[in-house]
Amino acid sequence: GTVVSFRQASKSYGTGPGAVHALDNIDVDIRQGEFTAIMGPSGSGKSTFMNVAAGLDDVSSGGVFVDGQPLHTMDDTARTLLRRRRIGFIFQSFNLVPTLTVTENITLPFRLAGQQITQDEQHWIDHLVRVLGLTERTGHKPAELSGGQQQRVAIARALAARPAIIFADEPTGNLDTRSSGEVLRLMRSAATEYGQTIAMVSHDPIAASYADRVLVLADGRIVADHGRLDAQQIS
Ligand code: ADP
Ligand code: ADP
């Protein structure tokens, strides 16, 4: 089924001749288990698209639906609840808690939800820590980590709770080739094997080649909607 839908969704900043149309009449459906890459030049509306899909920002007109529920008519409490239950974020501002260790940051979503970590979940968390190269850093605080390590902690935290929907904004932006490959393989298998729905903004053709679908934005519109492409077709 469809997990995220945009229906004639527009988002403008300002009014009159000086208005910026960050999203201009977007119609798109993102299906369950689909890994979508969102590409396009700077200023084309990629971040706005993600923020609106995640209910972090409102559309100016039209509608956005998650699980068939209209985000545009929900109040903040309902939206926050939907986000907590269904959505994981990998954003560029890592939002790691500075006073907590790597392990504590990764498991924070469980503690916030008052949830015990099952054996299976612990196995999965250990696996994430290992493949993301964080084994030697589990007791460190964010300030003691490199930018790439912080990014990997944020990725582990987002994947640990196995959210149904993952929004990732340039998840591999700070990473070396090897870590970047690990992250993309994790996202690929999250979609294929676990049916998680992933929307990822990326400028990197190699990253986008892992996706099932490539949406290209320009001036707030979807100007191309491709199936799977290889890196050469994208660049
Ligand atoms: P991208 O992520 O592709 O770089 P954005 O979604 O950030 O694009 O921005 C789309 C357009 O909306 C740009 O022209 C940007 O300047 C404008 N924009 C984004 N956020 C704001 C804001 N808070 N106020 C005014 N204009 C904004
Ligand atoms: P290892 O045993 O070396 O950690 P495995 O790949 O066998 O490596 O185990 C990884 C664990 O992570 C398994 O329990 C698997 O079910 C789980 N796993 C892998 N991908 C996901 C995912 N996207 N969501 C939830 N669990 C996952």
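Quick grid of which residues meet (1) outside any helix (DSSP H, G or I); (2) within 12 Å of ligand 2 (Cβ to nearest atom); (3) charged (D, E, K, R):
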{"position": "His123", "(1), (2), (3)": "no, yes, no"}
{"position": "Val129", "(1), (2), (3)": "no, yes, no"}
{"position": "His140", "(1), (2), (3)": "yes, no, no"}
{"position": "Gln151", "(1), (2), (3)": "no, no, no"}
{"position": "Arg162", "(1), (2), (3)": "yes, yes, yes"}
{"position": "Ser189", "(1), (2), (3)": "no, yes, no"}
{"position": "Met200", "(1), (2), (3)": "yes, no, no"}
- Message: For the stretch 17-39: of the residues being within 20 Å of Phe89 (Cα to Cα) and more than 16 Å from ligand 2 (Cβ to nearest atom), which is most open to solvent (accessible area, probe 1.4 Å)?
- Response: Arg31
- Query: Looking at (1) surrounded by 13 or more Cβ atoms within 10 Å (Cβ to Cβ); (2) away from ligand 2 (no atom under 16 Å from the Cβ), which is the one condition that is false for Gly14?
  - Reply: (1)
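Condition check ((1) open to solvent by 30 Å² or more (accessible area, probe 1.4 Å); (2) in contact with a Gly (Cβ under 9 Å, 6 or more places away or on another chain); (3) of a type outside the set (Ser, Thr, Tyr)) across all residues:
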position: Gln150; (1), (2), (3): yes, no, yes
position: Phe167; (1), (2), (3): no, yes, yes
position: Gly173; (1), (2), (3): yes, no, yes
position: Arg185; (1), (2), (3): yes, no, yes
position: Gln196; (1), (2), (3): no, yes, yes
position: Val216; (1), (2), (3): yes, yes, yes
position: Ile234; (1), (2), (3): yes, no, yes
- Message: Filter the stretch 11-40 down to the residues that are in contact (Cβ under 8 Å) with a residue 60 or more places away in the chain and among the small types (Gly, Ala, Ser) and list them by number.
- Response: Ala22, Gly33, Ala37, Gly40
- Query: Any idea how many residues of the stretch 1-46 are outside any strand (DSSP E or B) and at pLDDT below 95?
  - Reply: 7
- Which condition number in (1) in contact with a Leu (Cβ under 7 Å, 6 or more places away or on another chain); (2) modelled with pLDDT under 95; (3) farther than 19 Å from Thr172 by Cα is the one that Leu56 fails? (1)
- Considering only residues that are open to solvent by less than 60 Å² (accessible area, probe 1.4 Å) and acidic (Asp, Glu), look in the stretch 41-89 and name the one that is farthest from ligand 1 (Cβ to nearest atom). Asp67
- From the list Val97, Val52, Val59, pick out the single residue that is in contact (Cβ under 8 Å) with a residue 24 or more places away in the chain, within 30 Å of Asp24 (Cα to Cα) and in a loop (DSSP other than H, G, I, E, B). Val59
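The values are calculated or read from the model by the stated rules, or taken from the named source; none is laboratory data. In this text, all values refer to a predicted model and were calculated from it rather than measured experimentally. For neighbour counting, all protein chains shown are included, and Cβ atoms are generated from backbone atoms with ideal geometry for every residue, glycine included. In case anyone asks, the SASA skips ligands and DNA or RNA and just uses the protein heavy atoms, side chains included. Shrake-Rupley method; radii C 1.70, N 1.55, O 1.52, S 1.80 Å.
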